[in-house]
1. Within the bounds of the range 26-37, is there any residue that is of a type in the set (V, I, T), surrounded by 14 or more Cβ atoms within 10 Å (Cβ to Cβ) and at pLDDT below 95?
2. So is V19 assigned to a helix (DSSP H, G or I) and surrounded by 14 or more Cβ atoms within 10 Å (Cβ to Cβ) or not?
3. Let me spell it out: the conditions are (1) more than 24 Å from E13 (Cβ to Cβ); (2) in contact with an Asp or Glu (Cβ under 6 Å, 6 or more places away or on another chain); (3) of a type outside the set (D, E); (4) in a loop (DSSP other than H, G, I, E, B), and S104 meets all of them except one. Which number is the exception?
4. Give all pairs with beta carbons closer than 6 Å in which a residue from the range 1-29 that is of a type in the set (A, V, I, L, M) meets a residue that is in a helix (DSSP H, G or I) and surrounded by fewer than 17 Cβ atoms within 10 Å (Cβ to Cβ); count only pairs at least 6 apart in sequence or on separate chains.
5. Pick from the range 1-16 the residues that are outside any helix (DSSP H, G or I) and over 15 Å from the mean Cα position of the chain (by Cα): which of them is modelled with the highest pLDDT?
Amino acid sequence: MNSKVIGLVDDEEVFHWLVESNVKMINDGCKFLSFFNGEEILNYLRSSPAVIPNILLLDLNMPVCSGWRFLENYANSAVKTEMDIYILSSSIDPEDKVRAKNFSIVREFVSKPISSDFLKRALNRFS
């Protein structure tokens, strides 16, 4: 598997550690970028960074800028990159899944906790 870049946007530090640990067990060559709200990732992408995530794992409920707000701003911005966006949420509201389908940039809605099988599948799309 080639080296890929995974970005995680979630407000829980422990979740970052868990996801990064699982990703490194699957593919130690992956670069991992951490963001703690939607505004951080938007600002990062607007800065024309040299490293852009191939996969973005996006939580919905965060302070400062929610995942929904990130999706709305990103979908309407000129700063578009080719990345698979996966919503990761502990929400059990079926409306969230319906709303996610309204964004063509969202590849999949995944319920937390996420599995190693999901991470392998997401990473394998880029092998």
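1. Residues of the range 26-37 of a type in the set (V, I, T): 26.
The next check asks that each one be surrounded by 14 or more Cβ atoms within 10 Å (Cβ to Cβ); those that pass are 26.
The next check asks that each one be at pLDDT below 95; those that pass are 26.
Yes - at least one qualifying residue is present in the range 26-37.
2. yes
3. (2)
4. Within 6 Å, the pairs are I26/K120.
5. Step one: filter the range 1-16 for residues outside any helix (DSSP H, G or I), giving 1-12.
Restricting the remaining residues to those that are over 15 Å from the mean Cα position of the chain (by Cα) gives 1-3.
On the way: M1: 44, N2: 54, S3: 75.
Restricting to residues being outside any helix (DSSP H, G or I) and over 15 Å from the mean Cα position of the chain (by Cα), the top hit is S3.
The values are calculated or read from the model by the stated rules, or taken from the named source; none is laboratory data. Because the structure is predicted, anything quoted here is derived from the model rather than measured. Positions of Cβ are backbone-derived with ideal geometry, glycine not excepted, and every protein chain shown enters the neighbour counts.
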